[in-house]
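The structure appears right after this line, and notes come after that.
Quick note: the coordinates plus some simple rules give every number you see, no bench work behind them. Since we're looking at a predicted model, the values are computed, not measured. Every residue, glycine as well, gets a Cβ built from its backbone with ideal geometry; the counts of neighbours run over all protein chains shown.
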Amino acid sequence: MLSTEQYSSYEEKGFLVLNDFLTLAECESLRTRIEVLANSFQTQEEISVFSTGPDRQLKDRYFLESGNKIRFFLEDSLQQKAFNKCGHALHTLDPVFSKFSHSEKILQLYKDLSLQDPFIVQSMYIFKHAGVGGEVSWHQDATFLFTEPNTVIGLWFALDDASLENGCLWAVPGGHKGPLRSRFHRVNEVELSFTHYDSTPYEVEKAVPLEVKKGSVVVLHSLLPHMSQANASSVSRHAYTLHAFERTTHYPKDNWLRY
Ligand code: FE2
């Protein structure tokens with residue numbers, strides 16, 4: 001599926017955009033399904049705020065125990081009752097998301113990206129609702145999903161056109177060649193902590209926006225610094241994401257996510 005040029009570009013930049021990877025029908029099927037799940041979740045009392053800040057998720061059992069469940073998280077800002085995201089086991093527990101996530105073209109893409117036996121460890125549906133979808137600050141995905149050696153690769157499926165206005169991804173080309181800055185990991189059964197390894201700043205002045213059309217997929221190396229701004233526009237920016245690693249690589253027990 002991937003050409004030599006595309007793979008070389010991925011290795012050089014740490015990201016790759018593939019247009020028209022999904023059909024519009026596939027996009028709609030995921031959007032329709034999350035709506036069904038969201039509507040059935042509205043009454044659940046245990047809904048947690050999702051935040052990328054260092055403190056909010058600490059000791060948050062709702063988050064900690066979501067690795068093998070389908071749970072919804074609210075936007076962080078006060079008064080917001082909008083969903084920020086749903087995670088982290090849509091790909092195993094929900095039939096529609098499971099079928100999509102393990103489809104032949106996704107497994108083939110992972111194989112083309114050099115994972116011989118890809119194991120999908122995490123899925124997220126990100127709403128980024130019009131007007132309320134919050135910023136996701138600069139980070140490396142390996143901070144949150146760590147393997148030895150690092151073989152984690154993210155796939156980010158655009159279920160809306162993603163633009164500067166509605167909070168598209170931004171990335172630092174080549175930034176994946178830098179070190180892992182920190183890890184977010186379990187201290188024990190109920191506590192999470194950041195451990196910092198390297199203070200080299202991300203070269204955010206070199207960052208580029210990844211404006212993509214609905215149906216595109218963005219491949220993200222797990223050491224690539226990336227972020228997305230808040231959605232202040234009047235249109236949503238839905239996305240579905242998967243993270244997979246080579247099945248035989250070591251997944252330390254202190255990863256926050258237990259699958
Ligand atoms: Fe990320």
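Taking a straight line from the alpha carbon of LYS214, these lysines sit under 26 Å away, with near neighbours fewer than eight places off in the same chain left out: LYS13, LYS81, LYS85, LYS99, LYS105, LYS111, LYS128, LYS206. Volume of the convex hull of the chain (Cα atoms only), normalised per residue: 122 Å³.
Averaged over residues, the count of other Cβ atoms within 10 Å places the peptides 21-27, 241-247 in the sequence 241-247, 21-27, highest first.
Here the Karplus curve 6.51 cos²θ - 1.76 cosθ + 1.60, taken at θ = phi - 60°, turns the phi angles of the range 239-244 into couplings of 8, 10, 10, 10, 10, 9 Hz, with x standing for Gly and Pro.
Spatially, the range 180-235 and the range 89-163 are offset by 13 Å when compared through their Cα centroids.
At 30 Å minimum axial length over the Cα atoms and a Kyte-Doolittle cut of 1.6, report the qualifying DSSP H helices in the chain, or say none.
Result, helices passing both filters: zero.
Between the amide H of HIS139 and those of HIS226, distances stay under 5 Å, these residues lying 5 or more places away or on another chain, with hydrogens modeled in the peptide plane. When LEU164, LEU2 are sorted by how many other C-beta atoms sit within 10 angstrom of their C-beta, beginning with the fewest, the order is LEU164, LEU2. Rounded to the nearest 500, the helix-only mean residue ellipticity at 222 nm of the chain stands at -5500 deg cm²/dmol, with each DSSP H run of n ≥ 4 adding -39,500 (n - 2.57).
The ALA230 and LYS206 beta-carbon pair, evaluated with R₀ = 35 Å, returns a calculated FRET efficiency of approximately 0.95. Remark: relative contact order (the range 76-123) = 39 percent; criterion is Cα-Cα distance under 8 angstrom and separation of 6 or more residues. Distance between the modelled labels on ASP254 and THR23, one decimal in nanometres: 4.7 nm (7 Å Cα→Cβ projection). Given the range 134-259, what whole percent of its Cα pairs are spread farther than 27 Å? That fraction is 22 percent. Using the Cβ-Cβ distance between ASN188 and ASN68 with R0 set to 30 Å, the FRET efficiency works out to roughly 0.95. Note that the range 128-143 has calculated 3J(HN,Hα) couplings of 6, 4, 3, x, 10, x, x, 6, 10, 6, 4, 7, 10, 5, 5, 4 Hz, one per residue in order, obtained from phi through the Karplus relation 6.51 cos²θ - 1.76 cosθ + 1.60 (θ = phi - 60°); glycine and proline are x.
In order along the range 205-218, phi translates into HN-Hα couplings of 5, 9, 5, 10, x, 10, 7, 9, 7, 3, x, 7, 10, 10 Hz, rounded to whole numbers, per the Karplus curve 6.51 cos²θ - 1.76 cosθ + 1.60 with θ = phi - 60° and x for Gly and Pro.
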